[in-house]
Amino acid sequence: MERRLLGRGFTCLRVDLAEDQPPGLGRFRVVALLNVLDRAPRPATLLERALEHLERDGQLLLSTPLPMRPHVQGAGTTREPDEWIAGRAETFDEALAELVARELGTRSLVLERWARSIYRSQGDAAASVYELPAAILVARRAAPPG
């Protein structure tokens, strides 16, 4: 994705916001977290820090498989994340409601639009490809009262 964006004139920064806060990163009209929250060791921290870089009227673009089955892959193993995000819903609809209420709502984000999609994941010995239901969400900070 980075190569494609650079080829279209976008600036790309390779930063793990959950671990690093580079000085002078600035604020952005759109912050995108695409298919990373369910695979990040510290997804709540990643989301919080990403939102710190969102302009006051900016939008969060978020995509994630639902229901989430969080795990972190590395060094040939899979482990649980250090932090949990959302809940442990069993259906797409329940998981979407949890994500919007617990993760967006508690961070003063208002859901503007969402779509259901399919996330295709690299397979393993059991299947060459996995197709998971996914949500693509666009949220904006709630207007301050007054």
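The values are calculated or read from the model by the stated rules, or taken from the named source; none is laboratory data. For clarity, every value in this text was computed on a predicted model and none was experimentally measured. Side chains included, ligands, DNA and RNA excluded: accessible areas come from the protein's heavy atoms. Shrake-Rupley method; radii C 1.70, N 1.55, O 1.52, S 1.80 Å.
Amide H contacts for residue 58 (H built 1.01 Å from N in the peptide plane; partners 5 or more residues away or on another chain; cut-off under 5 Å): 141.
For the chain, the extents of the C-alpha atoms along the principal axes are 53, 35, 30 Å, listed from largest to smallest. What region 16-146 shows is 60 Å² of accessible area per residue, with the surface traced by a 1.4 Å probe over protein heavy atoms.
Rounded to the nearest 10 square angstrom, residue 108 shows an accessible area of 70 square angstrom against a 1.4 Å probe. Over region 1-81, what percent of the accessible surface lies on carbon and sulfur atoms, probe 1.4 Å? Reported share for carbon and sulfur atoms: 49 percent. Remark: relative contact order (region 24-111) = 28 percent; criterion is Cα-Cα distance under 8 angstrom and separation of 6 or more residues. Pair-distance distribution of region 1-66: all C-alpha pairs, bin width 10 Å, starting at 0; shares per bin in whole percent are 19, 52, 28, 1.
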